[in-house]
Each structure stands twice: as C-alpha cells, then as structure tokens.
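Reviewing the structure listed below.
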Ligand SMILES: Nc1ncnc2c1ncn2[C@@H]1O[C@H](COP(=O)(O)OP(=O)(O)OP(=O)(O)O)[C@@H](O)[C@H]1O
C-alpha cells in the first residue's frame, strides 16, 4: 500500500493503467463499515504474501474487484486474468485453462497458451470455482502444486508462476462433504480466506457506496450531482440488497436519471416496499451498532409520534 492510502482512508483505487481485457467499470473499493475495514486490513496482509486466496461472498458483493486489488497490491508483474469456471466449455475446459499443442485437436493448427499461461507471472482469478468439474479440479491442483502445466496434446510440462485467487458464492466446505469439491484443493485455497459479507451486513457501506456511484454516473453523464434526501437515505439503508453492490449501483443509476437533479427522494429509488420481517432484521442490525443506535431511537420516536391520533 502506498503512503497515500492509509487504513483510515475509505477509498482504495486502481490505477488507470489497469487495462486488463476483462476490466470492470468501477475501479475504486469503498470501505467504510467496520467489517469492510477489517477486510481491507486482511487484504493488505494477504496480497504481498503470494498465498492462494479464496474469496467467499454472495453475487455482486465485489469479489472480482477485491481480487483485482489483491493483484495490484501483490505487485506481481504479470496480468490479472479473470475466468468464470461456469463458462468453461464442457469438452474443451482443459484446453481453455491449460492451453493446447499444435495439432492437439481438429482446427488447432497452432498452439495456444490457455488462461494459465496468460496469467504467468500474474494472477489467475477463477470465479465460481465450485462449478469446475472434478476432473479439472484435480488437474488444477496438480498444476498449482508442481508449478507446471502440460498443454493438451503436448508431451512436456512447462513451468508456470501463477498466483491463484478463487471466488465462490457457495460454501465449499459443504461441497467437500457432499463429494462435489476436491478436499485437497479446498485446503490449498483456504490458506488465505477472505469473507465478503453481504451488503445488508455492512450497513455502514451503503450510503458511501451510493454517493460514490452517484458521483461516478453524474460525472459520466455530465449531470449535476443531486443529494439524497434523509428519507431516501433511510430507504437505502433499510433495503436487504439481495443483488448486493451491483444492485445498489443500478438503483442509483436509475434514480439519477429519473430525479429532477437536486435531490433524490424514495420515489426515485426503484425498490420494492420492504416486508416486516426484512425490516425488523435490518433494524436489529442497525441497533447492534452503537453509532447508529441513537439515530435509530430518534427515528422510531419520530415515527411513533406521527402515528399518535
Ligand atoms: N466496495 C466497492 N466499492 C466500489 N464498487 C464496488 C465495491 N464492491 C463492488 N463494487 C462494484 O459492484 C459491482 C459488482 O462487483 P463484482 O463484479 O466485483 O462482484 P462479484 O462478487 O465478483 O459478482 P459475481 O459473484 O456476480 O461475479 C462492480 O461494478 C464493482 O465494481
């Protein structure tokens, strides 16, 4: 981490030069909630270690963005290569991952390095690693342990230096028990484990992220920057965000487009009305945080007051 990025700064940015072919739009990681700050410290410790990393989190929580920051802080000279294991071809997954030799199969007149080779010297990010077929899990473990890959159809293994960062939205320990995931691969990956909590459990991140996305989209669309009304802020903090940060970004983008420009109100947020069970779960979470408790008490008194006949 550079001296410009102490832990008390809630924004961690990727450099403009991060021109990975699979780059995603947002480059900044917003960390304000205490749980996110802990995660940032863990990231800072883990990134330069070179250890494999397993990131667990629901969809849209920011696993790929976190992996990019791990790569950046590791200062490995090679590329960050992101691959979704669910999108590997059932028949050619091995060739896609490890490459193939010229003439290995019909149409392969020349050889190809594969994702492993492309990430040589850098970081291979395997999203939804639980979707990898068992046979490929075995080959992946062998490649990681021996630091060598053999292209499909090639006689000789080649040395590779790849740091693996894997992500999963399922509990891989349970997949191991169910016989769906290779235990040794799980233990290998689990050396460096980061758990990205869902957004509803990082309530302190919701408004800073909302403001961040509002700023990004207002700037991109050359629109004036509106503010969130206090009621809109409360709605944002009370929503359960099943689609996590990705859902938050699209809600904010929409609100920016439909608001008149000065202030965003609850009616601009295209969110379903929360049900009572969801609302009370959110309130319980907020009440657990001493900083939020007083604000919550005031709000509840205000609401109860408005209900008096
Ligand atoms: N802390 C954060 N700060 C800023 N942007 C974030 C943060 N977390 C996530 N995002 C943004 O939210 C979107 C979803 O993040 P990302 O694709 O990394 O999630 P994911 O967990 O890998 O999703 P999936 O499981 O669907 O692959 C991206 O546009 C990402 O830039």
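Each label point was placed 7 Å from the Cα along the Cα-to-Cβ direction; for residue 42 and residue 59 their separation is 2.3 nm. Helix 134-146 and the long axis of the chain differ in direction by around 80°, with both axes built from C-alpha atoms. Estimated at 0.36 nm per residue, the fully extended path between residue 284 and residue 147 surpasses their Cα-Cα distance by 44.5 nm.
Expressed as a whole percent, how much of the Cα-Cα distance distribution for the chain exceeds 30 Å? Cα-Cα pairs in the chain separated by more than 30 Å: 43 percent.
Against the main long axis of the alpha-carbon atoms of the chain, helix 276-287 sits at an angle near 90°. P(r) tail, segment 11-195: Cα-Cα pairs separated by more than 28 Å, 23% of all pairs. Taking other C-beta atoms within 10 Å as the exposure proxy, 63, 139 rank 139, 63 from fewest upward. Among 46, 299, sorting on how many other beta-carbon atoms sit within 10 Å of each Cβ, with the fewest leading, yields 299, 46.
Highest mean packing first, where packing is the average number of other Cβ atoms within 10 Å per residue, the peptides 77-86, 114-123, 141-150 line up as 114-123, 77-86, 141-150.
On full extension, the segment bounded by residue 257 and residue 191 gains 19.3 nm, given 0.36 nm per residue less the C-alpha separation.
In this simple spin-label approximation, residue 158 and residue 170 carry label points 7 Å from Cα along the Cα→Cβ vector, and these lie 3.3 nm apart. For helix 203-220, report the angle its Cα long axis makes with the longest principal axis of the Cα atoms of the chain; keep it between 0 and 90° and round to the nearest 10°. That works out to roughly 80 degrees. Sorting 252, 129, 206 from the fewest to the most surrounding beta carbons within 10 angstrom yields 206, 252, 129. With 0.36 nm allotted per residue and the present C-alpha distance subtracted, the residue 138-residue 184 stretch has 15.7 nm of extension available.
Across the alpha-carbon set of segment 112-207, the Rg to Rh ratio works out to 1.05, Rh being the Kirkwood radius. One way to sum up the overall shape of segment 199-307 is the equivalent ellipsoid from its Cα gyration tensor, whose semi-axes run 25, 15, 13 Å, largest first.
All of the numbers you see were taken from the coordinates with simple rules; none came from a lab. Only a predicted model underlies this, so the values are computations on that prediction, with no experimental measurement involved. Cβ coordinates were reconstructed from backbone atoms using ideal geometry, including for glycine residues, and neighbour counts include every protein chain displayed.
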